[in-house]
Structures are given as C-alpha cells and as structure tokens.
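The values are calculated or read from the model by the stated rules, or taken from the named source; none is laboratory data. Predicted, not measured: the structure shown is a model, and the values here were computed from it. Every residue, glycine among them, receives a Cβ derived from its backbone with ideal geometry; neighbour counts consider all protein chains shown.
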Ligand code: PMP
C-alpha cells in the first residue's frame, strides 16, 4: 500500500471525511496525492517520494519558491527574537509602512492570518464607516469560508447572508439592478481582482466595468472592496486594479504576501481609517512577528527581482506551448486569465473527463496541474521547468486525443 493511502486511512478515522476544505483531493481524479512530505523551489514531493513541478504553488501562497532563502532567513531571525508576546514587534510597522508605500490606494494597513479574515474585516469596516448593511458580491465569486461568504451553506443561517445582493461579473445591467435593490442601504461593493471562479473560463474585468464600480460606489458613498487575496502580488505589486487605474477603498490580501507564512492584510484609504479603528478585529496569532518579517522580505524581493515580469513571461511560454500542442492534435482547449495564473479547460467537457485525464496524465509525468482551478506561476519556475512541463502536457493531451478523438 502506498504511504499516501495508509495516511488517508488513518485520517479517515480522526478527521471528518479524511480532509476538509480546498485541500481535500476527493474532487480530483484518482492518482492525486493527498499528503506531501517536502517542497523546495518550484518542486513538491508527496509522501511516497514522487516529485512534481508545481503549478499550484500551494493554491497561491508560494510566489518566490518554497523555502526561499531570503524569506526563511528573515523569518528565522525574527522568530528567534520574538514571535508572540504581549504586543507586536516593530516589524509590524515596517511592513505596514512598506505596503502603504507600495500600494497607491493604501493609507494604512492591518494584519491578520487568512484571506477570510481580511475579506470579512473589509465588509465589517465598510459597514462601520457607512452605518449601512447591504453588500454587493458577484455570483460565483469566492471570498472565503466565513458564514457570510462560504460557498457551502451547511451550518449557516439565512440571516448570515440576508444583506448580500448579487451581480454578475462584468455585467453592467446586473450591477445596476443590484445597486437599485440596495438603494440607500449600500455599504460596499466587493469585487475579485478578475473573475477566477472555479470550473469556468477566467475573465479579466473590463475597464468600463471597473470604472463603473468606482463611480457607483462613490455616488452611493459606499466602499469599493477589492478581494486581492488570490491575485495579489501576481498582477501588479501596487494592487491588481492599478493597471486599470481604478483604486479600491479597501483591499484584502493574503496568500502570496508571506511566501507561505501565515499572514493576511487589509489596506485602506483615509476615508475608512476611523471605521478601521472602531471595529474590533483581532486574533491570538495575528501579530505573529515571524510572518511579518517573512512578508517584508517577500515584498522586497518581489520588487527587486521584478518577479511579476518573470511569471508573466514563463506563464506565456507555458500557454503558447500547450496551445500549439492542442492545436496540432485538433483539440479544443481554452486558456484564460492572466498567463501567470493559468486555467486550461477543454471544449465539450461538461464533467471534466478530458480535463481530469489531461491533468492526471501530466501528474504521472511529474507535473502538478489542476483540471478546473486556476493555477499559479512563481518566481522560482525556470524555462527548463516550462520545457519539462510541456513534455508532460504533450503526454496529457495525447491521452485526451486518444480517448476523445477530435471529430
Ligand atoms: N478570497 C479569495 C479570492 C480567495 O481565493 C481566497 C482563498 N482561496 C479567500 C478569499 C480566502 O482566503 P483564506 O482561505 O486564506 O481564508
């Protein structure tokens, strides 16, 4: 029996379902390992010793490479001096200063641990500032696992979501309708950096839609809240909507901020400073100083090495290579979203049978892809990794073409 199988059997007995949340591989094709033993650079190794070039990056947190020496040194130094005490370490202010300098929309920053902490705090701050209730969110968008936003409503009450009003991403008419429904009670509009809902093509925001959101929020005196948890630091270090010229009032960050160390941030402008002071948000580990030092080192290195340019270039290589392979085989393959956060979906694949076969075949050839969740490039990926990955994607596409011959 494989070690993964043995650990899964033990897990079943002591963890409900064997695993919770987004890291439960039950929804992935058989063959995906559940448990991992080590990771380094752009490689992960499962508990059975299989090594993969990783295009999930821990679902986003890894952006400079696992075990990045600079980040780990900064973490260890701070952690050894002070991790948790009766108050935060100075590095907390260093990090806040750095983010305020880096992010044009930010006049202040606060820190927590998870993306959900940050998106939830944004909503709370928007309500505290406006004294209103309604929050606009896009249909299908993921903003975390708290009762107000979890995609699986088990255990939540209708009241938890009573003040949510939905719109469709990039759809002006639906946004206008949602605004009308909110009326004078609108506290905030939540938007993702781009449409990265699972199991469907990704969509960049149109500049018109982004500008309309800003205009409507201003006209209503409500907050524009950017959920940059997933895309943050991969599109633009100043915030994912900087290239659009649209600045949010409040932004939620996490994932890549600490290159794998647990940290999240809310940044905001001066209009929301008082409300951010009023709300009571905290946690026993939210001042964990090691993660602050790791985040500071991560942000500094991302800037110094121009990591985004590297990720865009390698993501572009992967995309062009896979597309050429699919085209040669006559397979309909759609790649969407920014190249550094790729998603590959097959035409006529309602149950993801093609996508699953593609991904699991690539996995067998040492490349960890995802069949229906966006993937992530990192600064640690090399051209050689992309070339090796393309050997595996060729195998995956060949398998799809054999089992589902293009007509
Ligand atoms: N918002 C977005 C866009 C996310 O992708 C995620 C995590 N996948 C979250 C919020 C929640 O973050 P966390 O899982 O760290 O609570």
Query raised in the report: Can you pull out the residues in region 233-271 that are away from the ligand (no atom under 16 Å from the Cβ), surrounded by 24 or more Cβ atoms within 10 Å (Cβ to Cβ) and under 16 Å from residue 96 (Cβ atoms)?
Result: 268
Query raised in the report: Would you call residue 83 touching a helix residue (DSSP H, G or I) at 6+ places or on another chain (Cβ under 8 Å) and not in a helix (DSSP H, G or I)?
Result: yes
Query raised in the report: Is one or more of the residues making up region 114-128 under 28 Å from residue 167 (Cα atoms) and touching a helix residue (DSSP H, G or I) at 6+ places or on another chain (Cβ under 6 Å)?
Result: yes
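Test residue 265 against the criterion of being under 23 Å from the mean Cα position of the chain (by Cα) and assigned to a strand (DSSP E or B), and give yes or no.
Criteria met by residue 265.
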Requested in this report: Could you identify the single residue in 200, 211, 234, 230 that is part of a helix (DSSP H, G or I) and either under 30 Å from residue 315 (Cα atoms) or over 22 Å from the mean Cα position of the chain (by Cα) (or both)?
Outcome: 211
Query raised in the report: For residues in region 135-148 being away from the ligand (no atom under 12 Å from the Cβ) and either free of Cβ contacts under 8 Å to residues at least 24 places away in the same chain or surrounded by 24 or more Cβ atoms within 10 Å (Cβ to Cβ) (or both), which is farthest from residue 195 (Cα to Cα)?
Result: 147
Query raised in the report: Quick check, is residue 22 closer than 18 Å to residue 371 by Cβ, in contact with a helix residue (DSSP H, G or I) (Cβ under 9 Å, 6 or more places away or on another chain) and either at pLDDT below 95 or in a helix (DSSP H, G or I) (or both)?
Result: yes
Query raised in the report: Within region 94-148, which residues are part of a strand (DSSP E or B) and either more than 23 Å from residue 290 (Cα to Cα) or out of contact with any strand residue (DSSP E or B) (no Cβ under 7 Å at 6 or more places or on another chain) (or both)?
Result: 134, 135, 136, 137, 138
**Report entry** Evaluation of residue 151 against (1) within 16 Å of the ligand (Cβ to nearest atom); (2) part of a loop (DSSP other than H, G, I, E, B); (3) touching a residue at least 60 places away in the same chain (Cβ under 8 Å) (one fails), failing number
**Finding:** (3)
Requested in this report: Answer yes if at least one residue in region 96-111 is closer than 30 Å to residue 381 by Cβ, away from the ligand (no atom under 16 Å from the Cβ) and without any contact (Cβ under 8 Å) to a residue 12 or more places away in the chain, and no otherwise.
Outcome: yes
Query raised in the report: Just to be sure, is residue 195 modelled with pLDDT of 95 or more and within 26 Å of residue 99 (Cβ to Cβ)?
Result: yes
Report task. Report the residue count in region 190-232 for those that are under 30 Å from residue 372 (Cα atoms), in contact with a strand residue (DSSP E or B) (Cβ under 7 Å, 6 or more places away or on another chain) and away from the ligand (no atom under 15 Å from the Cβ). Result -> 3
Query raised in the report: residue 333 passes all but one of (1) over 18 Å from the mean Cα position of the chain (by Cα); (2) surrounded by fewer than 21 Cβ atoms within 10 Å (Cβ to Cβ); which number fails?
Result: (2)
Report task. Can you work out which of the residues in region 112-134 that are crowded, with 22+ Cβ neighbours inside 10 Å and within 10 Å of the ligand (Cβ to nearest atom) is farthest from residue 257 (Cα to Cα)? Result -> 120
Query raised in the report: Based on what the data block shows, is residue 396 buried (at least 17 other Cβ atoms within 10 Å of the Cβ) and more than 23 Å from the chain's Cα centre (by Cα)?
Result: yes
